[in-house]
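S.K.: A single structure is presented below for examination.
The values are calculated or read from the model by the stated rules, or taken from the named source; none is laboratory data. Keep in mind the model is a prediction, meaning the values are calculated, not measured. Heads up, the Cβs are rebuilt from the backbone with ideal geometry, glycines too, and the neighbour counts pull from every protein chain shown.
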Amino acid sequence: RKEVEQDPGPFNVPEGATVAFNCTYSNSASQSFFWYRQDCRKEPKLLMSVYSSGNEDGRFTAQLNRASQYISLLIRDSKLSDSATYLCVVIVNNAGNMLTFGGGTRLMVKP
Amino acid sequence: DAGITQSPRHKVTETGTPVTLRCHQTENHRYMYWYRQDPGHGLRLIHYSYGVKDTDKGEVSDGYSVSRSKTEDFLLTLESATSSQTSVYFCAISAGAEAFFGQGTRLTVV
C-alpha cells in the first residue's frame with residue numbers, strides 16, 4: 001500500500017461545478033499536510049497548507065480528518081484555469097522532514 | 001519565486017553513458033530532494049539530502065547516486081543510463097514545510 005494515495009481521475013467537470021478530492025495517508029505520525037498544483041509540463045507549486053481546523057482560500061477549502069487519515073480539497077465554482085493535477089503532500093516530521101507525494105488527481109474543467 | 005535552478009533543462013543521452021543533473025539553490029535550505037515523474041506514477045523520490053554530505057535513499061534509488069558537497073548544490077548522477085530512466089526529473093528544496101521545485105529536467109535515454 002502506498003503511503004499517500006489519491007484517485008488519479010481524471011475528474012471532468014463543467015465550469016461552475018463544485019468538485020472535491022480526497023487523499024489518504026497511511027502513517028499516523030504524519031504531521032504536516034499540503035495541496036500542490038501542477039500544470040502540464042510544469043513544476044508543482046504550493047496551493048495551500050492544510051490545517052487541523054480546516055482552512056479556506058477563496059474558492060478552495062482544505063480539510064484534515066486525522067481519525068480517518070485523509071485530507072480533502074474542495075473547489076467551488078470551478079474555472080477553466082483550475083484544470084491541472086492536484087498533488088497531496090504529507091510530511092512525517094520524525095522522518096527527516098521528508099516529503100511524500102500522492103500520485104495526483106487530474107482535474108479537467110470543461111466549458 | 002524561490003531560487004532553485006536545474007541544469008540542464010533537456011538532455012538526450014545514449015544508453016550506458018553516465019549523466020549528471022545539477023540542482024542549485026540560493027535559499028540556504030537544509031533539505032534538497034530529487035524526484036522523477038512518469039505517467040501513472042506521480043512524483044517518486046530518488047534521493048534526498050538533509051545537509052552537506054548527508055544523503056539518503058528514496059523509493060527508486062537504484063541506478064542513481066547523489067552528492068552534496070556544498071549547501072547550494074545537489075547533484076544526481078545516473079551511473080550508466082538506461083532507457084527506463086527516461087523521465088522528467090525535479091529537484092526540490094525545503095526548510096521544513098513548504099517545498100519549492102525547480103523547473104524540471106527532461107531526460108531521454110536512447
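S.K.: Of everything in segment B:26-46, what is facing another protein chain (nearest Cβ under 10 Å) and in contact (Cβ under 8 Å) with a residue 24 or more places away in the chain? Give them in sequence order.
M.R.: Selection gives B:Arg30, B:Tyr31, B:Tyr33, B:Tyr35, B:Gln37, B:Leu43.
S.K.: Only one residue in B:Ser7, B:Ser49, B:Ser69 is free of Cβ contacts under 8 Å to residues at least 24 places away in the same chain and either more than 14 Å from every other protein chain (Cβ to nearest Cβ) or within 19 Å of A:Met98 (Cα to Cα) (or both). Which one?
M.R.: B:Ser69
S.K.: Applying the selection to segment B:28-61, what residues are charged (D, E, K, R) and over 21 Å from A:Gln38 (Cβ atoms)?
M.R.: B:Arg30, B:Lys53, B:Asp54, B:Asp56, B:Lys57
S.K.: Right, here's the next one. Which of the strands (runs of 3 or more DSSP E) contained wholly in segment A:8-105 include at least 2 residues that are more than 12 Å from every other protein chain (Cβ to nearest Cβ) and surrounded by fewer than 19 Cβ atoms within 10 Å (Cβ to Cβ)?
M.R.: Once the strands (runs of 3 or more DSSP E) in segment A:8-105 are filtered for at least 2 residues that are more than 12 Å from every other protein chain (Cβ to nearest Cβ) and surrounded by fewer than 19 Cβ atoms within 10 Å (Cβ to Cβ), what remains is A:11-14, A:19-25, A:55-57, A:60-65, A:70-75.
This table checks each residue for (1) modelled with pLDDT of 95 or more; (2) of a type outside the set (D, E, K, R).
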site	(1), (2)
B:Met32	no, yes
B:Leu45	no, yes
B:Ser49	no, yes
B:Asp62	yes, no
B:Glu98	no, no
